[in-house]
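Each remark here refers to the structure printed beneath this line.
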Amino acid sequence: MPSGGRCWETLQALRSSDKGRLSYHRDWLLQGEDILEECMSLPKLSVYSGWVVDHVLPHSQDSLSISETSGPTSTVDKSSFVPRSPIRKPVFLPACLTTPDETKGKPESQHSESILLQSPRGMEVEGCIRMYELVHRMKGTEGLRQWQEEQERKVRVLSEMASEQLKRFDERKELEQHKEFQDLREVMEKSTREALGHQERLKAEHQHRAKILNLKLREAEQQRLKQVEQERLRKEEGQVRLRSLYALQEEVLHLNQQLDSSHQHKDLLKIDLSAFQTRGNQLCSLISGIIRSTSENGFPTAEDQAVAEAALQEMRDLLTNLQREITRACEDKQKQEQKETLVKQQESKVQQKQELPAPSQGPRGKQKEDLQLKVQDSTMQWYRKLQEASHQCVLAFEELANSKDSQTKKIKMDLQKAATIPVSQISTIAGLKLKEIFDKIHTLLSGKPVLSPGRSVSVTLNPQALDFVQYKLAEKFVKQGEEEVASHHEAAFPIAVVASGIWELHPRVGDLILAHLHKKCPYSVPFYPPFKEGMALEDYQRMLGYQVQDSKVERQDNFLNRMSGMIRLYAAIIQLRWPYGNQQDIHPHGLNHGWRWLAQILNMEPLSDVTATLLYDFLEVCGNALMKQYQVQFWKMIILIKEDYFPRIEAITSSGQMGSFIRLKQFLEKCLQQKEIPVPRGFLTSSFWRS
């Protein structure tokens, strides 16, 4: 419709104009147009009246009532919709066609909701307005919907942007945390590196200090070893000086004995020798005092040795002067002395003939006069020298032994226990135990304190203590041979090895051992004591080695057992050495003395039951060592015993005493057959010292 198009365009143009934005009152506009139109044109219905009637009027709350319209006047030409009466009747519009602003602005219009349509043009305009408002409202609704959708889209976009920003924020936070963590880790690593560096520096410093300490410790250890070595050298030098002092003392005593032996020339030569003897005794006392003070202080000094050597030299000069005096006196009475010597020789021959028993008969009845009963002169001098040394030792501790003081008696008992108990504990159980016993004895003799039993004992407690301990120790060794070895033959070797070691370090103890052994068993010299006129039978039996108590002599088998034990101990001593000593030194009393003893006893007439027993015991213990040492010469001596000495023993042995002879004969025949002397039972092997 053209009018409709123009109307829309007009409304659109008006709305778009500046005036379209102004607020107009619709009633005034409609009334003015209606008034003008009514004046210029015939009244007719608007083309929109039908639409209004169909769409607007049915929705109104109040129905239209036209009471005044008559039948003919109410009839309208449907084709033209023009009323007959020129007067415009009021037509009311429902409230739904009113705008919200009008409804809000006119609260009083509730009772007049209908609008009077004064003209068709007004109705058309009103319809257009309504239509436009509806369309505008629909567009507004659509725009609102689109705006809402746009807002929702924007909200979603903003939400997504916010979510993305939140993610970015979280990522930045995470990145910051990561950076902080990295920084913290770098700080920790840096501190760790610094701590490790500090630790390494401390470690290096510690190692440096440890090296310094090790150097100091090594220096201290070297200093200690140097001191120990110096102490050892000092002790060795002291031991050498001490041995030298003992040797000097021995020589001085020997020279003094020569001085004493020259006392017999006093009456013969009519000269005064008392000055020599007095000075000799003074020199002996001087050396004894040096040794006694040395035992108290430890080891002798070079000054002590020099004084002792000077005393020895003076003793030699004294003996030389004495010999000069004697020689001078002898020159005056040489002839008289020769005569007296001849007389003495004749008297001695007569005496020997009186002491000799009936000569033994060989197997063919011939006398054997090539053997003797007396020992060689050199051996006899050695025997007397040892007995004199033992006697001097007894005199040296006489005051200690006979003291009535309780404290001194207590010291004497403690010293005796300290010397004898370790020897009683010697056994074949273990080498380490034997070494402990040896060290204890050596410590006691060296002047150091030892525990016995549970008390500290030392030879420095009394000036005579060392002499007493040495004497009692030697006596105990021999007594162990007399008792322990006599009962258990294997015990000879551990006792002998300890005795040999002590003998090597303390030579005086060895001399005292020999002195005690010779006194209790004279056959160990070998020496057959002669019976002298006026001598009591009991005394002579004691000299032969028998034990006599209350005029009762011990049984022969007991006597032979004791002699056998002591000979076995002596045979073990001469072949054994202390394994922990200085092996470069020679044995103080080695196998050469065993060879000497065997040769000398074969040069003497055999004794019934005694010689066969002692030869068997000696060869069983020491035969293997002598065989290895002397080889062919030893076998020659064994053959000599079998061929020449057996008949002599058999000739003097009664039928009831043949046991020892038969045992010796079978032993030697077996050895000759096997060409070997077996190792004695109980010999100490190398495994013994590792136990």
**Fill in**
Of the candidates 479, 472, the one satisfying the condition of being over 27 Å from residue 285 (Cα atoms) and charged (D, E, K, R) is 479
**Item:** In segment 572-607, residue surrounded by the fewest Cβ atoms within 10 Å (Cβ to Cβ) [restricted to those that are closer than 15 Å to residue 376 by Cα and hydrophobic (A, V, I, L, M, F, W, C)]
**Value:** 599
**Request:** Answer yes or no: is there a residue in segment 617-628 that is polar (S, T, N, Q) and touching a helix residue (DSSP H, G or I) at 6+ places or on another chain (Cβ under 8 Å).
**Result:** no
**Complete:** Taking segment 296-317 and keeping only residues that are open to solvent by less than 20 Å² (accessible area, probe 1.4 Å) and at pLDDT 75 or above, one is left with 308, 311, 312, 315
**Request:** Sort through 633, 657, 584 and tell me the only one that's among the polar types (S, T, N, Q) and under 22 Å from residue 489 (Cβ atoms).
**Result:** 657
**Message:** Given the condition more than 19 Å from residue 495 (Cβ to Cβ), open to solvent by less than 60 Å² (accessible area, probe 1.4 Å), modelled with pLDDT of 85 or more and not in a loop (DSSP other than H, G, I, E, B), answer yes or no: does some residue in segment 415-434 qualify?
**Reply:** yes
**Prompt:** Given the residues 478, 509, 497, which is the only one that is open to solvent by less than 20 Å² (accessible area, probe 1.4 Å), β-branched (Val, Ile, Thr), more than 21 Å from residue 386 (Cβ to Cβ) and at pLDDT 90 or above?
**Reply:** 497
**Message:** For residue 553, only one of the following conditions fails: (1) open to solvent by 20 Å² or more (accessible area, probe 1.4 Å); (2) within 46 Å of the chain's Cα centre (by Cα). What is its number?
**Reply:** (2)
**Asked** Residue check, residue 585 against (1) more than 19 Å from residue 496 (Cα to Cα); (2) acidic (Asp, Glu); (3) not in a helix (DSSP H, G or I), all met but one. Which one?
**Response** (1)
**Fill in**
Restricting attention to segment 242-262, the residues that are acidic (Asp, Glu) and open to solvent by 70 Å² or more (accessible area, probe 1.4 Å) number exactly 2
**Among the candidates 239, 282, 222, residue that is at pLDDT below 80 and open to solvent by 90 Å² or more (accessible area, probe 1.4 Å)** = 282
**Item:** Single residue of 400, 386 found to be touching a helix residue (DSSP H, G or I) at 6+ places or on another chain (Cβ under 6 Å), in a helix (DSSP H, G or I), under 19 Å from residue 259 (Cα atoms) and modelled with pLDDT of 50 or more
**Value:** 386
**Complete:** (1) within 20 Å of residue 481 (Cα to Cα); (2) modelled with pLDDT of 85 or more; (3) open to solvent by 20 Å² or more (accessible area, probe 1.4 Å) all hold for residue 409 apart from (1)
**Request:** Would you mention how many residues in segment 435-461 are under 19 Å from residue 474 (Cβ atoms) and not in a loop (DSSP other than H, G, I, E, B)?
**Result:** 12
**Request:** Give the residue that is farthest from residue 287 (Cα to Cα), with candidates limited to residues of segment 226-236 that are open to solvent by less than 80 Å² (accessible area, probe 1.4 Å) and of a type outside the set (D, E, K, R).
**Result:** 228
**Prompt:** Considering only residues of segment 383-406 that are among the charged types (D, E, K, R) and open to solvent by 80 Å² or more (accessible area, probe 1.4 Å), which is nearest to residue 462 (Cα to Cα)?
**Reply:** 399
**Item:** Qualifying residue in segment 163-186 (condition: farther than 30 Å from residue 508 by Cα and open to solvent by less than 70 Å² (accessible area, probe 1.4 Å))
**Value:** yes
**Request:** Give the number of residues within segment 399-437 that are without any contact (Cβ under 8 Å) to a residue 12 or more places away in the chain and over 26 Å from residue 581 (Cα atoms).
**Result:** 9
**Request:** Might you check whether a residue that is among the basic types (Lys, Arg), part of a helix (DSSP H, G or I) and within 30 Å of residue 281 (Cα to Cα) occurs anywhere in segment 209-219?
**Result:** no
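The values are calculated or read from the model by the stated rules, or taken from the named source; none is laboratory data. Computed from a predicted structure; not experimentally measured. Backbone-built Cβ (ideal geometry, glycine too); neighbour counts: all protein chains shown. Side chains are part of the model used for accessible areas, which takes the heavy atoms of the whole protein and leaves out ligands, DNA and RNA. Shrake-Rupley method; radii C 1.70, N 1.55, O 1.52, S 1.80 Å.
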